[in-house]
Amino acid sequence: MTDRFVHEHGASRVVFGVGALDRAGDEVARLGARRVLLIADRHSAAYADTLAGLLGDRVRGRIRETATHVPGALADAAAEKAAAHDADLLLCVGGGSATGLAKAVALRTRLPIVAVPTTYAGSEMTPIWGSTRDGRKETGRDPAVRPVTVIYDPALTTALPATLSAASGMNALAHLVEAAYAPRLSPLTAAVADQGIRILAEALPRVVTDPEDMAARSGALQGAWLAGWVLGTTTMGLHHKLCHVLGGFFGLPHAATHSALLPYVTAFNRGAPRLGRVARALGATDAATGLWDLRATIGAPAGLAELGFGAAEIDKVAGLVAAEPPAGPRPVEPAGVRAILRAALDGARPATAEDTP
Ligand code: NAD
C-alpha cells in the first residue's frame, strides 16, 4: 500500500457514448466559443466535415495535416493560423498526433481545446505536450494544454484497422503498466490503472476479432480514457523514455514501438511490487509474459527489427537513455537497456519469472 503520495488531477469534462460526436456543437457552445480552429488528421477528414457541419460559421479555419511527434515547424504554422483567424477555441479530431498538434498550439496561444480522439493513445486526458526539433523530442507538462472537454465516440474508432487498434491498445496498456512503479503512486491512480488494464485485456481481443463490434470498441475506448487519465496523474519511467528516444531519433511509429517494447521493459522491472497487480488484472501469473501473450492474441506489432530498428543502433540508444535515467524499481544502466533492446528486436516471448536468473 502506498503511504506517501501527492495526487493531482485536472478537470476535463468527458462526454462518452456512441453518437457523442453529435454533441460537439453543444459542447462548443457551452464554452462560449465563436471562432474555432478545426484540426484533423487525414483519416478523420469525414469526422471533421461532420463537425464543420454541426458548427457552421463558428469554424473559421481548418488544418488537415498532422504528423507524429509534432514537428516544431508544423506547430508554429498552426499557431500562426490560429492567430490569423483570431481563434478562441481549438477543436481536434484524430489520433494522438492531431491532439498533439492542438496541444502545441495551446502551448503557444493558451487557447482551450475540445478533443475528439479516434485512437487509444490517451493524450487527450493529459497536460503533457511533445514536439520534435532536429530529431530530438521535447516534452513538458502544462495544465493549459489539457483539453477542457473530451468527446469519446466509439463509432469513430470502428475504421481503425485491427493492427492499428492492437498497437494503440498496447500504447494505452503501457501507460497503465508503467504506473505500477511510479514513485509515490496514489491509491486512486493505482485503482484506476488496475481497472483500465482489466477493461483493455477484455476488450482488445474482441476489437481485433470484429472491428465493428461496438460494445468492444466502447470498452477499449473506456480503457483508453482511463489510461490517459493515469498518464496525466502520474509519472512514467523507462518504457516511455525508450519510446521517446526511439520515436524522436529514429522516427519509429509511436504505438507500434510501445507494443514492441512493453513485455521486455516489464520483464526488466520484474519484482516491482505492483506488477503482481498488473498480472492479476491481465488474468496472468506474470505481468511480462501476460503482456506478451495478450500482444500475440491481438496480433499487435512485435519485434523492433520489423519496425526498421537495427542492432547497430542499440549502443547509441542505451547511451542516450542511461545518460538521463528515469526513476524506476531498478537502476537504469546501459547494459540493462541493451538487453531490453536485444530481446525486443525479434519479439520472442520473455523468459518466465522462474527462468529469470
Ligand atoms: P497517430 O495520431 O499518428 O495516428 C496513427 C495513424 O492512424 C495515422 O495515420 C492516423 O491518421 C490514423 N488514424 C487515426 N485514427 C484513425 C481512425 N479512427 N481510423 C483510421 N485511421 C486512423 O498515432 P497515435 O498513436 O494515436 O498518436 C501518437 C502520437 O501521440 C505521438 O506523437 C505520441 O507522442 C503522442 N502521444 C502523446 C501523449 C501525451 O500525453 N502527450 C500520449 C500518447 C501519445
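The values are calculated or read from the model by the stated rules, or taken from the named source; none is laboratory data. Quick caveat: nothing in here was measured; it's all calculated off a predicted structure. Here Cβ is always computed from backbone atoms with ideal geometry, including for glycine, and neighbour counts include all displayed protein chains.
Observations on the structure shown:
- Of the residues making up segment 130-170, those that are touching a residue at least 40 places away in the same chain (Cβ under 8 Å), within 13 Å of Gly100 (Cβ to Cβ) and within 10 Å of the ligand (Cβ to nearest atom) are Gly130, Ser131, Thr132, Lys137, Thr139, Val145, Arg146.
- Residue among Thr119, Thr50, Thr99 that alone is within 16 Å of the ligand (Cβ to nearest atom), of a type outside the set (A, V, I, L, M, F, W, C) and in contact with a Gly (Cβ under 8 Å, 6 or more places away or on another chain): Thr119
- Members of segment 283-315 found to be assigned to a helix (DSSP H, G or I) and without any contact (Cβ under 8 Å) to a residue 60 or more places away in the chain, listed by number: Gly290, Trp292, Asp293, Ala296, Ala305, Glu306, Leu307, Ala311, Ala312, Ile314, Asp315
- Qualifying residue in segment 78-85 (condition: away from the ligand (no atom under 16 Å from the Cβ), in contact with a Gly (Cβ under 6 Å, 6 or more places away or on another chain), at pLDDT 95 or above and assigned to a helix (DSSP H, G or I)): yes
- Whichever residue in segment 60-98 is among the hydrophobic types (A, V, I, L, M, F, W, C) and either assigned by TED's automatic domain parsing to the domain that holds Phe250 or free of Cβ contacts under 8 Å to residues at least 24 places away in the same chain (or both) and, among such residues, is surrounded by the most Cβ atoms within 10 Å (Cβ to Cβ): Ala77
- Cβ-Cβ under 8 Å pairs, at least 6 apart or on other chains, segment 260-277 side assigned to a helix (DSSP H, G or I), far side basic (Lys, Arg): Leu262/Arg295; Pro263/Arg295; Pro263/Arg349; Phe268/Arg330
- Restricting segment 160-185 to residues that are over 14 Å from the mean Cα position of the chain (by Cα) and either assigned to a helix (DSSP H, G or I) or modelled with pLDDT of 95 or more (or both), the residue that is surrounded by the fewest Cβ atoms within 10 Å (Cβ to Cβ) is Pro161.
- The sole residue among Thr266, Thr289, Thr285, Thr257 that is within 16 Å of the ligand (Cβ to nearest atom) and hydroxyl-bearing (Ser, Thr, Tyr) is Thr257.
- If the condition is being crowded, with 21+ Cβ neighbours inside 10 Å, more than 24 Å from Leu55 (Cβ to Cβ) and among the β-branched types (Val, Ile, Thr), then segment 129-154 contributes only Thr132.
- Any pair with Cβ under 7 angstrom, 6 or more apart, that starts in segment 1-29 at a residue that is polar (S, T, N, Q) and ends at one that is crowded, with 16+ Cβ neighbours inside 10 Å and in a strand (DSSP E or B): Ser12/Thr149; Ser12/Val150
- For segment 54-67, the criterion of being out of contact with any His (no Cβ under 8 Å at 6 or more places or on another chain) and among the polar types (S, T, N, Q) is met by at least one residue.
- Flag for Thr235 being under 18 Å from the mean Cα position of the chain (by Cα) and either free of Cβ contacts under 8 Å to residues at least 60 places away in the same chain or not in a helix (DSSP H, G or I) (or both): yes
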